[in-house]
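The values are calculated or read from the model by the stated rules, or taken from the named source; none is laboratory data. Nothing here was measured: the structure is a model prediction, and the numbers come from that model. With ideal geometry, Cβ positions are generated from the backbone for all residues, glycine too; neighbour counts draw on all protein chains shown.
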Amino acid sequence: MTGPFGSMLKKSEHIKSGIPVLGIENIGFMEFIYGTKIYITIEKANQLLRYKVLPRDVIISRSGTVGEVCVVPNDIGEARFSTNIIRVALDNKKIDPNFFCYLFSGAPFILDQIAGLCKGSTRDFLNQNILKSISFPLPSIQEQREIVKQVEALFRLIKKVESRYKKTKAQIDKLTQSILAKAFRGELVPQDPNDEPASELLKRIKAEKAKTIAESKTQKTETKTTRRRKSSGSQ
């Protein structure tokens, strides 16, 4: 079912707190994101009772990032869904909601169908007719649940690897900064106490540069003077 639109839910009926109206901002990558931008009164929510969201419903974005999907969590409480969302109520005895989401998000066979059916003149847009046209391969409910179990185990492993990567990267970044600091302090190689301090070396380089510039100016002055004398003698 597609969410209410037009006169059923006007912008003037939005309030700062009350019954939440879920939007595409609540749908992450196979993950429900808490918090919403729109709230309505209890009275308005009662008028939109057919648009109520229940735990383990599947919600799909029909605009924006078309086809993002997630399962509604068990602690959703009272909520409605907006016009940018399609709600799918599944028979949980036949279809596992998480399995449906994995199919919708990652199965090439499904994604190719969505891409072909949603292709519009200006932008992709998912609707109920398109959704009903998609063919979903469904193994037994036991197989679905086992697939979900295995996929979730892999996702947990990925998160652990990602966490370790971030931790290792932070350590490498700190090590890199430390190495650079040591390099500029001259601490990467054994130091000879008789070596000239870097500060003195810089002073000497600066003095030699100034001396070179002064000598260059002197040579230019002498050259000009010589040219003038020659010019004067020739006259």
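Based on what the data block shows, is residue 83 at pLDDT 85 or above and surrounded by 17 or more Cβ atoms within 10 Å (Cβ to Cβ)? So residue 83 fits the description; yes.
The set of residues in the range 42-62 that are surrounded by 14 or more Cβ atoms within 10 Å (Cβ to Cβ) and either farther than 12 Å from residue 1 by Cβ or not assigned by TED's automatic domain parsing to the domain that holds residue 115 (or both) comprises 44, 45, 47, 56, 61. Based on this model, can you work out whether residue 127 counts as closer than 29 Å to residue 48 by Cα and surrounded by 12 or more Cβ atoms within 10 Å (Cβ to Cβ)? The answer is yes for residue 127. In the range 18-71, of all residues being under 27 Å from residue 132 (Cα atoms) and among the basic types (Lys, Arg), the one that is nearest to the chain's Cα centre (by Cα) corresponds to 62.
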